[in-house]
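Notes to accompany the following structure.
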Amino acid sequence: MSLIAVDQLFHHQIPITELIYHLTKQLPSTNLLLIISTVVLKSTSLTRPDKITALELIGASVRNFFEGDRLLMFKCWREAMKLRYFPSDGEPLLPKTPYEGVTSAASSVVFGSAEEVMTMEELDLLEEDFERNKANRDLEVRLRCNVRMQRQCLLVIRRISSQTNYGPSFYIQRLYEFCTWKMEDYVNEIDLSTELKRIVINTFLLILEQLTGFDPQLLPCQSFNVFMKSLGFASRYLALLAKKPPGYPGREDLSHANLLAATKFIATIAKCFPNPALMSLSFINDDYDSFAEIIWDLVFVMESMSPYLNNEDKQHLEKYYSNYIRNYFSDRTTSVLHAGVQVFLDRDFPYTEYLKTIKLTIKLGADPNAIDEKGRTPLHILAGIERIDSDEYMPVFQAIVAAGAHLDMAEDNGDTVLDIVKRNGKIYKDKGVAAEAYFSSLINTVFKLSCYCARVIRRHRIPFDEDRLPLHLQELVSCHSAKGLINLHQPRDN
């Protein structure tokens with residue numbers, strides 16, 4: 001029944017690459033792949049070129065080379081070679097046409113010097129090499145053996161995808177499976193070589209490059225998710241490298257080209273989201289809780305690389321990130337500055353480096369009065385630290401205040417930044433710790449008249465919407481209001 005069902009699919013006018021992709025993308029069993037390959041060989045509806053393409057893709061869909069799957073892979077590739085080089089009835093030869101795409105820095109690391117096998121003789125040598133090394137007791141040797149086979153599968157899919165104009169779906173799915181195969185072993189095992197770790201990381205970067213020249217709106221949902229996860233992993237790893245000293249193995253991946261690849265990917269995806277808030281939501285995945293965290297990591301990388309960037313490259317990157325920081329975070333969402341303050345509090349790196357990135361984020365247009373889901377500004381989060389007056393915390397606090405942060409803005413529970421600072425001051429006093437003179441002076445700050453007016457409007461529930469106040473003044477009053485504390489738009493009580 002399975003044979004009949006698959007055979008019926010081949011009678012429909014569906015591109016063979018698309019059909020095989022959908023038949024194999026759910027990690028099918030070896031038996032199912034065998035059924036598909038059997039139908040392909042016996043099909044009377046498929047052309048010879050389609051049979052070759054189908055068999056090559058089925059072989060490249062094999063995942064477990066150390067089990068019986070490899071036998072199916074070599075069988076499919078041999079049958080495809082026979083159809084190419086040993087045709088019946090005097091048909092012409094159909095030799096493989098080599099891939100002619102552009103080779104990037106990331107692809108050079110991922111594929112190394114590997115080339116796709118083009119003849120039956122090369123296929124025999126590949127199988128002999130695998131059989132010789134698959135059972136080696138050395139973990140490194142077995143991993144390299146597996147990488148060679150994975151590369152061959154990727155080379156086959158890359159060539160077919162580029163020559164059939166099917167788009168990147170099949171290729172990026174297989175790339176993602178390649179870099180997540182035993183990824184924890186690659187990245188975390190200290191015994192594994194830096195080369196193998198670099199292959200994994202550059203595979204994520206290579207995935208991001210595949211969107212170039214392709215309309216993201218045509219991507220299947222599954223492919224879109226692969227791109228998002230790859231962006232998260234690549235961003236996190238670049239930020240990790242930025243914390244390593246010069247000469248650290250693999251730090252060569254901390255390059256302008258790789259940072260630009262992630263930046264251009266975001267720029268391409270952003271075109272699909274006329275509503276910035278929806279774009280932010282699309283980036284929430286296992287690696288990040290918000291788009292803001294991704295931007296923070298990449299701005300941190302940019303700041304860390306600034307001594308090695310020329311002015312033109314630096315200005316180009318800053319323009320990209322200034323656009324995101326200014327425009328892609330709606331009210332009551334985590335902004336880049338919120339994300340930066342939280343990373344600073346959870347830091348595993350000298351605070352001075354995070355302070356540089358916070359100042360750069362402000363320079364690029366971050367709103368110091370932006371509020372998150374709980375109505376908190378970045379200063380609300382920072383002020384809650386018990387030792388806000390320490391030498392490490394105070395410079396960050398000062399930088400945000402200097403950017404124009406309002407100390408009398410109320411979060412959802414009604415607390416202003418000054419309320420929190422006063423409570424902390426009492427804690428210091430009770431502990432016998434003198435609060436810094438800077439914070440003492442803030443408590444007695446004389447605010448702008450507009451702030452006092454906003455607080456009076458809030459306190460007395462004076463209506464300020466519609467045409468009662470200009471829009472910018474409505475925003476000023478709103479930012480001094482605590483959500484749920486009072487309803488500012490309702491008439492005040494008599």
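Throughout, read-outs are computed from the coordinates displayed, never taken from laboratory work. Because the structure is a prediction, the values reported are computed rather than measured. In this analysis, Cβ positions are derived from the backbone assuming ideal geometry, glycine residues included, and neighbour counts consider all displayed protein chains.
Estimate the FRET efficiency between Cys221 and Asn327 by the formula 1/(1 + (r/R0)^6), using the beta-carbon distance for r and 30 Å for R0, to the nearest 0.05. My answer for the efficiency is 0.70.
Amide H contacts of Ala410 (H built 1.01 Å from N, in plane; Pro and chain starts excluded): Ser481 sit under 5 Å, all sequence-distant by 5 or more or on other chains.
When the C-alpha to C-alpha distance is required to be over 22 Å, the pairs from Lys229/Lys264; Lys271/Lys356; Lys271/Lys374; Lys197/Lys244; Lys75/Lys96; Lys229/Lys319 that qualify are Lys271/Lys356; Lys271/Lys374; Lys229/Lys319.
Taking amide hydrogens as placed 1.01 Å from N in the peptide plane, the amide H of Thr334 sits under 5 Å from those of Glu373, each at least 5 positions away in sequence or on another chain.
Between the range 35-101 and the range 142-163, the alpha-carbon centres lie 15 Å apart. Computed from phi, the 3J(HN,Hα) profile of the range 80-94 under the Karplus parametrisation 6.51, -1.76, 1.60 (θ = phi - 60°) reads 5, 4, 4, 5, 6, 10, 10, x, 9, 6, x, 5, x, 5, 10 Hz, with x in place of Gly and Pro.
If the viscosity is 0.890 mPa s and the temperature 25 °C, what Stokes-Einstein diffusion coefficient in µm²/s follows for the range 296-346 when Rh is the Kirkwood radius over Cα pairs?
It diffuses with D of about 205 µm²/s by this estimate.
For the Cα trace of the range 231-346, dividing Rg by the Kirkwood Rh returns an Rg/Rh value of 0.95.
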